[in-house]
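Encoded as structure tokens, the structure appears first; notes follow it.
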Amino acid sequence: DGGITQSPKYLFRKEGQNVTLSCEQNLNHDAMYWYRQDPGQGLRLIYYSQIVNDFQKGDIAEGYSVSREKKESFPLTVTSAQKNPTAFYLCASSGLASNEQYFGPGTRLTVT
Amino acid sequence: GQNIDQPTEMTATEGAIVQINCTYQTSGFNGLFWYQQHAGEAPTFLSYNVLDGLEEKGRFSSFLSRSKGYSYLLLKELQMKDSASYLCAVSNDYKLSFGAGTTVTVRA
């Protein structure tokens, strides 16, 4: 089945450690996105990529990094520089001809 | 900048109708999306408006007025499973800007 996968669903890390969240899609979409969701707040854009080997910062990119080496994959690294990393992270993708974004199931990251 | 406002919470009775309003002030506009999100899950697509007017899809309808920067999502014949958060999102240049979401609670 076509879709977006994120793993793991729950992730726990100690403060000061970098952690990488995976996002894979087999929808043949060109664009991919990472969002962060906190309680009572809307989704906030971290990074996005419209083409392989290219990506742009979103509204809250500080403390995060990404890569886009393959069309299907867009991993997000939460670095130790991110002050409040505990959140629900959502990956999405879309075809360039459409504005509709399809979301993965999300990864809930807890940093203690 | 982007400013997208929607009410925080709404409560309605099973079988009733609820209207969720969304107002926006954004630097660009390519369309407006409504997504449904159950707690702890991914948002799922409900509707997309790019032109003014009403789009109807089963029990859900969405309206857009671009001149007023206003949209609403209408949920009819409410069911318990409609209890969820509803997200308004404005599309601009292949990016989406989201409102904080409206939590709808359906009571028996």
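The values are calculated or read from the model by the stated rules, or taken from the named source; none is laboratory data. Please read all numbers here as calculations on a predicted model, not as lab measurements. Cβ placement follows ideal geometry from the backbone for every residue including glycine, while neighbour counts extend to all protein chains displayed. What goes into the accessible areas is simple: the full protein's heavy atoms, side chains included, and nothing from ligands, DNA or RNA. Shrake-Rupley method; radii C 1.70, N 1.55, O 1.52, S 1.80 Å.
Quick one: is B:Thr13 within 10 Å of another protein chain (Cβ to nearest Cβ) and over 23 Å from A:Ala92 (Cα atoms)?
no
Residues that are more than 11 Å from chain B (Cβ to nearest Cβ), assigned to a loop (DSSP other than H, G, I, E, B), open to solvent by 60 Å² or more (accessible area, probe 1.4 Å) and not aliphatic (A, V, I, L, M) occur at least once in region A:48-63. Taking the conditions (1) within 11 Å of another protein chain (Cβ to nearest Cβ); (2) over 23 Å from A:Tyr102 (Cα atoms); (3) of a type outside the set (A, V, I, L, M) in turn, B:Asn30 satisfies each one other than (2).
Residues being among the hydrophobic types (A, V, I, L, M, F, W, C), open to solvent by less than 10 Å² (accessible area, probe 1.4 Å) and under 23 Å from B:Tyr35 (Cβ atoms) are represented in region A:68-75 by at least one member. Screening B:Lys57 on (1) surrounded by 17 or more Cβ atoms within 10 Å (Cβ to Cβ); (2) more than 10 Å from the chain's Cα centre (by Cα); (3) under 22 Å from A:Gly3 (Cβ atoms) shows it passes everything except condition (1).
Quick one: which strands (runs of 3 or more DSSP E) lie wholly within region B:58-108 and hold at least 1 residues that are within 14 Å of chain A (Cβ to nearest Cβ)?
Working: elements: B:60-65, B:70-75, B:84-92, B:95-98, B:102-107.
Hits in region B:58-108: B:60-65, B:84-92, B:95-98, B:102-107.
Among the criteria (1) more than 11 Å from every other protein chain (Cβ to nearest Cβ); (2) within 26 Å of A:Lys57 (Cα to Cα); (3) not in a strand (DSSP E or B), the one B:Tyr24 does not fulfil is (3).
Among the residues of region A:28-46, the ones that are open to solvent by 50 Å² or more (accessible area, probe 1.4 Å) and within 13 Å of chain B (Cβ to nearest Cβ) come to 5 in all. How do the pairs read when you match residues in region B:33-54 that are within 8 Å of chain A (Cβ to nearest Cβ) with residues anywhere that are in a loop (DSSP other than H, G, I, E, B) and open to solvent by 40 Å² or more (accessible area, probe 1.4 Å), using Cβ under 6 Å and keeping only pairs 6 or more apart or on different chains? As it stands, the answer is B:Ala42/A:Pro105, since those pairs meet every condition given.
Please pick out the residue among A:Gly16, A:Gly42 that is under 24 Å from B:Leu46 (Cα atoms) and modelled with pLDDT under 95.
Numbers: A:Gly16 fails: under 24 Å from B:Leu46 (Cα atoms).
Result of the check over A:Gly16, A:Gly42: A:Gly42.
For region B:35-52, the count of residues that are charged (D, E, K, R), touching a Ser or Thr at 6+ places or on another chain (Cβ under 8 Å) and open to solvent by 70 Å² or more (accessible area, probe 1.4 Å) is nonzero.
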